[in-house]
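Working notes, structure below.
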Amino acid sequence: MGTATGIIRALNSGIKHIAVKRFTLRYPEQKLKFVGDGYQYDPTSGVGIAGYKGRHILFHDKCTGCNLCSIACEGIAEAIAMPKVQNTWKQNKKSIMPQIDYGKCVFCGLCVDACPFYALYMTNDYELSSFTKEGLIYTPEQLAVKPQVQQDSEIIIDKRGARHG
């Protein structure tokens, strides 16, 4: 009795999906459009603000070199190092800032959660490819540059499935 019920449920599920129109995104020509900014964290309320977890952006004028982002990353990916930087800022007396190795990063967002000064955010930039491992290491100067993201296609989800908008 249980096997027959399972087969009927499986067939019913398959039949429901026959009428759903399938789609394919023609990636690199078409890029997926993400709604809103990247992932952020509000330390005062203790709540993460939803958003896509892509490449980080670092605000040098807010970073104090407290090392909390590196400590948060230690047990997970060990992707954040804190090298000395040339420039000095009045709030960063140690002159150290995060450097992220995207070859190791798992995009968990804990570094963003750990930053109490709103210096680190995650953007919608998901195209992080390189021919060498060294090309995946983003210095503090590279992290300060806001990414230029071109997005063409938006996914619309309704009762019948998903489609391009």
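Which chymotrypsin sites (Phe, Trp or Tyr not before Pro) in segment 44-144 pass both tests, a DSSP loop state and at most 10 other beta-carbon atoms within 10 Å?
Taking segment 44-144 and a limit of 10 other Cβ atoms within 10 Å, the loop chymotrypsin sites (Phe, Trp or Tyr not before Pro) found are Phe131.
Do you know the relative contact order of the chain, to the nearest whole percent, from alpha carbon pairs under 8 angstrom that are 6+ apart?
Relative contact order, the chain: 29 percent.
Quick one: helix 2-16 against the long Cα principal axis of the chain, what's the angle to the nearest 10°, folded into 0 to 90?
Relative to the chain, helix 2-16 is tipped by roughly 80 degrees.
Under the Cβ-under-4.7 Å rule, which cysteines of the chain stay unpaired?
Cys63, Cys66, Cys73, Cys105, Cys108, Cys115
First select every other residue whose beta carbon is under 14 angstrom from the beta carbon of Glu134; then total the charges, Lys and Arg +1, Asp and Glu -1.
Details: positive: Lys104, Lys133; negative: Asp101.
Around Glu134, the charge tally is +1.
Distance check, please: which entries in Lys84/Lys104; Lys21/Lys53; Lys31/Lys53; Lys84/Lys146; Lys62/Lys104; Lys62/Lys84 exceed 19 angstrom between their Cα atoms?
Beyond 19 Å: Lys84/Lys104; Lys21/Lys53; Lys84/Lys146; Lys62/Lys104.
Tell me, what ³J(HN,Hα) does each residue in segment 100-116 have, in order and in whole Hz, if you take phi through Karplus 6.51 cos²θ - 1.76 cosθ + 1.60 with θ = phi - 60° and put x for Gly and Pro?
Values per residue, Gly and Pro as x: 10, 9, 6, x, 9, 5, 9, 6, 7, x, 5, 5, 5, 5, 6, 6, x Hz.
Of all trypsin sites (Lys or Arg not before Pro) in segment 91-126, which ones are in loop regions per DSSP and have a Cβ with at most 13 other Cβ atoms within 10 Å?
Qualifying residues, ordered by number: Lys93, Lys94.
How much of the DSSP beta bridge set in the chain is antiparallel, as a percent to the nearest 5?
Values: 16 of 18 bridges.
Of those bridges, close to 90 percent are antiparallel.
Need one number: nm distance between label points at Tyr118 and Ile8, each 7 Å from Cα along Cα→Cβ, rounded to one decimal.
Here the modelled spin labels are 5.8 nm apart.
Under unit Cβ charges (Lys, Arg +1; Asp, Glu -1), what dipole magnitude, rounded to 20 debye, does the chain have relative to its Cα centre?
Details: 20 positive and 15 negative charges, 112 e Å.
Computed about the Cα centre, the dipole is about 540 debye.
How much mean residue ellipticity at 222 nm does the chain get from its helices, if each DSSP H run of length 4 or more adds -39500 (n - 2.57) and you divide by all residues, to the nearest 500 deg cm²/dmol?
Only helices count here, giving -5000 deg cm²/dmol.
Answer with a single label: of (i) 32, 18, 15; (ii) 40, 19, 16; (iii) 21, 19, 17, which was calculated as semi-axes √(5λ) of the Cα gyration tensor in Å from the structure in view?
Of the labelled values, this structure produces (ii).
Lys/Arg Cβ at +1, Asp/Glu Cβ at -1, dipole of the chain taken about the Cα centre: which of Ala50, Ile15, Thr132 is farthest positive-ward?
Ile15
Throughout, read-outs are computed from the coordinates displayed, never taken from laboratory work. Here the structure is a predicted model, which is why all the values come from computation and not from measurement. Note that each Cβ is placed from the backbone with ideal geometry, even for glycine, and that neighbours are counted across all protein chains shown.
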